[in-house]
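Worksheet: the structure to be examined is printed underneath.
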Amino acid sequence: SLLCLLYFLLGPICSIMVNQFGCRPVMLIGGLLASAGMILASFTTNIIELYLTAGVLTGLGMALNFQPSLIMLGTYFDKRRPLANGLAAAGSPVFLSSLSPLGQVLLEKFGWRGGFLIMGGLLLNCCTCGAVMRPLDMGMKKKMGKAQDKYEAKEMLPIGGKSEEGISTTDVTKKGKKAKKKPKKGKKLLDFSIFSNRGFIIYTISKFILVLGLFVPPILLVNYAKDTGVPDTEAAFLLSIIGFIDIFARPACGMVAGLKWVRPHVAYLFSFSMLFNGLTDICSARASNYTGLVIFCVFFGISYGMVGALQFEVLMAIVGSQKFSSAIGLVLLIEAFAVLIGPPSAGRLVDALKNYEVIFYLAGSEVVLSALFLGVASYCCLNRGKKEPLPENNPSAGGGSDTEEAESDVQEAEEHSNDNHQPAHSTDNAMVVANEEANHVAEEQRGEGGDCRAGDGEVLARDGCNTDQTVERDSF
């Protein structure tokens, strides 16, 4: 409980550290702290020392590892970011389904002290992962930031009425960058301006309601199965089923979310995944045998994987890559209170009512409520109030890539160069007119069925006798 509490509660502090020092140093420190907590836990002599080592110290290290890994995805990826999020999120169910049997093996072979020591060594691999997260060069980082913001403004769901403002701001900045450069502002350690984004407010409220009921079924599932007469080994296997299905559900959902016709509406796909998860909880509340519980685990694993793959992709789409580090810290802080309220309250209700059916109905209803709130609020409060997009000077579609930015800059440079060499340009135009007249005379002499002759001169086109191509070549 302490580890999970710090995992969520230290979100803003981790955001401040990432904004101040970068992702790689924070992740290296987090890996060292998480490993040190497990290693020191192997030398403890009482439960209080375990609270401080395996709970507080390891929880602090895991919190410092979690956010940089997500922020780096937003830095490295743009168009394929949903798939990258899905693949990265798949690592969680892989180890969720494998660490429980591994823990039993370590306990039997080496005892609990040896198990903590080996787990500390495994957590040192977080430092290896952090070391390979090399930061982008400053020039490339600026280009990537501009490309991502422009792409998200055009392609993402126009949440909070900010997409049109983002497009117009990008165009105005691009026009006026030669005339006047704005003074650089100091880097904010934690950007609270995201609370002015209505989309972020809607997302935060729906995520708070979601967390109240999302983690309740997996926590109580094993005890629920035991109460229905399922043996202990088979009851524990239910969690492995959820983890195994979750491994494939997250990347698959990331691929679907990355489709061109799905990605602009990824918030609605996230709402559907929450609705699917909540209805699964409600429909499985009356499962009274092992077969029914296995069916529940299959559908819960699919819906739970969809939620896990989309939750941070939707947040990136709402606030953009530049403000994501601050947004995720504040969201995790708000979710910490929901984590403290949801599962413990469900446990108290089970103790009081001696009935798991009511708990599954309650948890499913909370998840369904969060889905309906996100979908309805996004449609009514955001899409209904958006303005018509401003006309763009650059009509090319699918913008946002670095290649298109470079091409536009080259085009501007060519136009500027042409403006400074008007006499030469007018001379070229005169040559083009003369070439057109010569080609016209030559075509009349050949007739309609005539063939091209080698002696027609350089004025004629050499490939297919296309005079238009010749004119373009000569003028260029």
Test of understanding: among L32, L3, which residue is open to solvent by 50 Å² or more (accessible area, probe 1.4 Å), modelled with pLDDT under 85, part of a helix (DSSP H, G or I) and closer than 30 Å to S321 by Cα? L3
All-but-one check, F244 against (1) within 16 Å of L315 (Cα to Cα); (2) open to solvent by 40 Å² or more (accessible area, probe 1.4 Å), failing number (1)
Six or more apart or on different chains, Cβ under 6 Å: which pairs go from a residue in the stretch 307-325 that's more than 25 Å from L275 (Cβ to Cβ) to one that's assigned to a helix (DSSP H, G or I) and polar (S, T, N, Q)? Could you list them? S321/Q148; S325/S15; S325/N19
Is it the case that the stretch 88-95 has a residue that's without any contact (Cβ under 8 Å) to a residue 12 or more places away in the chain and aromatic (F, W, Y)? yes
What residue, of S288, S273, is touching a Leu at 6+ places or on another chain (Cβ under 8 Å) and among the small types (G, A, S)? S273
What residue, of T228, T233, is among the hydroxyl-bearing types (S, T, Y), out of contact with any strand residue (DSSP E or B) (no Cβ under 7 Å at 6 or more places or on another chain) and free of Cβ contacts under 8 Å to residues at least 24 places away in the same chain? T233
Name the one entry in S325, S273 that is in a helix (DSSP H, G or I), modelled with pLDDT of 85 or more and within 21 Å of A84 (Cβ to Cβ). S273
Let me spell it out: the conditions are (1) crowded, with 18+ Cβ neighbours inside 10 Å; (2) farther than 23 Å from S240 by Cβ, and G22 meets all of them except one. Which number is the exception? (1)
Looking at this structure, is I205 surrounded by fewer than 18 Cβ atoms within 10 Å (Cβ to Cβ) and at pLDDT 90 or above? yes
Spot the failing condition for K178; the list is (1) modelled with pLDDT of 75 or more; (2) farther than 26 Å from Y76 by Cα, and only one is missed. (1)
Can you work out which of the residues in the stretch 208-241 that are at pLDDT below 90 and of a type in the set (F, W, Y) is most open to solvent (accessible area, probe 1.4 Å)? F237
F299 passes all but one of the listed conditions (1) outside any helix (DSSP H, G or I); (2) open to solvent by 20 Å² or more (accessible area, probe 1.4 Å); (3) of a type outside the set (V, I, T); the exception is number (1)
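The values are calculated or read from the model by the stated rules, or taken from the named source; none is laboratory data. Treat the numbers as computed from the prediction; the structure is a model and nothing was measured. Neighbour counts run over all protein chains shown; Cβ positions are idealised from the backbone, glycine included. Calculation scope for accessible area: heavy atoms of the full protein, side chains included, ligands and nucleic acids excluded. Shrake-Rupley method; radii C 1.70, N 1.55, O 1.52, S 1.80 Å.
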